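Q: Provided herewith is a single structure, encoded as structure tokens, for subsequent inquiry.
Quick note: the coordinates plus some simple rules give every number you see, no bench work behind them. Keep in mind it's a predicted model, so treat the numbers as computed, not measured. Note that each Cβ is placed from the backbone with ideal geometry, even for glycine, and that neighbours are counted across all protein chains shown.
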Amino acid sequence: MTQGGTTGAKTPRASRVVMTESVLPGDGNPLGTAFGGRIAQWIDVAAAIACQRHCRQRVVTASMDDLHFLKPIRVGMTVELRAQVNATFRTSMESGVRIESENPLTGERAHVCTAYLTFVAQDEKGRPVPVPALVLETDEDRRREHDAKRRRAVRLERARVKRERLLAETEERG
């Protein structure tokens, strides 16, 4: 079990989201593929719903890891986004989102990208609040949490380096 205590603890399974979207012409670019920003928007929504299901609080996006598209998503395709909470920390959670495209005429599917997002739970005044612990049921749940903790360490280190760089730049100007 992760931080947050046992009160209200939930499984990753309880946070699962399956969201399906049709890539319409307004979602596409002149090349006939989906705008990356539209896919990022859908990813953010699916991940937010998963995190909100877990903590039953208002949640805000804190970060989205690098987003790499493995294959183009063509206008006219169906996109399925599967999200769930991978790990919880004191007031934040990581949600993973797997995105697949589907040709609606043939049923052919392709994994097009995976994203990891961090959300912070907030009270009605916008203050961070603790999130429930995550109860890991399967080896896959444990692997996802382990990987999420490694990604979090990298995120925190990147943020530390950025803060130091910004502070040094501010001191140089001042």
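Q: In debye to the nearest 20, how big a dipole does the range 12-173 give about its Cα centre with +1 on each Lys and Arg Cβ and -1 on each Asp and Glu Cβ?
A: Working: 28 positive and 23 negative charges, 91 e Å.
For the range 12-173, the charge dipole is close to 440 debye.
Q: Another question, if that's okay. From the square roots a ≥ b ≥ c of the eigenvalues of the alpha-carbon gyration tensor of the range 12-173, which class results: rounded (a/c under 1.5), prolate (a/b over b/c), or oblate?
A: Judged from the Cα gyration tensor, the range 12-173 comes out oblate (a/c at least 1.5, b/c at or above a/b).
Q: Consider a paramagnetic label point 7 Å from the Cα of residue 78 along Cα→Cβ; state which residues of the range 12-36 have an amide N under 12 Å from it.
A: Within reach of a label on residue 78, which here means backbone N under 12 Å from a point 7 Å along Cα→Cβ, the range 12-36 contributes 19-23.
Q: Within the set of other residues whose C-beta is less than 12 Å from the C-beta of residue 28, count the net charge using Lys and Arg as +1 and Asp and Glu as -1.
A: With Lys, Arg at +1 and Asp, Glu at -1, the net is +1.
Q: Can you give the calculated 222 nm mean residue ellipticity of the chain, where each DSSP H run of n ≥ 4 adds -39,500 (n - 2.57) and the sum is split over every residue, rounded to the nearest 500 deg cm²/dmol?
A: It comes out at -11500 deg cm²/dmol, rounded to the nearest 500.
Q: Still on this model: Could you rank the peptides 158-167, 116-125, 101-110 by their average count of other C-beta atoms within 10 Å per residue, with the highest value first?
A: The peptides rank, most packed first, as 116-125, 101-110, 158-167.
Q: Highest first, please rank the peptides 91-97, 31-37, 129-135 by the mean number of other Cβ atoms sitting within 10 Å of their residues.
A: The peptides rank, most packed first, as 91-97, 129-135, 31-37.
Q: Still on this structure, please answer the following. Hey, what do the phi angles of the range 105-110 turn into as Karplus ³J(HN,Hα) couplings, whole Hz, using 6.51/-1.76/1.60 and θ = phi - 60°, x for Gly and Pro?
A: So the Karplus estimates, Gly and Pro as x, are 8, 10, x, 5, 10, 9 Hz.
Q: Given 69, 86, 107, which one lies farthest toward the positive end of the charge dipole of the range 12-173, if we put +1 on the Cβ of every Lys and Arg and -1 on the Cβ of every Asp and Glu?
A: 86
Q: Once you list every other residue whose beta carbon is under 12 Å from the beta carbon of residue 53, what net charge do they have if Lys and Arg are +1 and Asp and Glu are -1?
A: Net charge in that neighbourhood comes out at +4.
Q: Right, something else. For the range 117-127, take each phi angle, set θ = phi - 60°, evaluate the Karplus expression 6.51 cos²θ - 1.76 cosθ + 1.60, and give the result in whole Hz per residue in order, putting x for glycine and proline.
A: 10, 10, 10, 10, 7, 9, 7, 5, 9, x, 8
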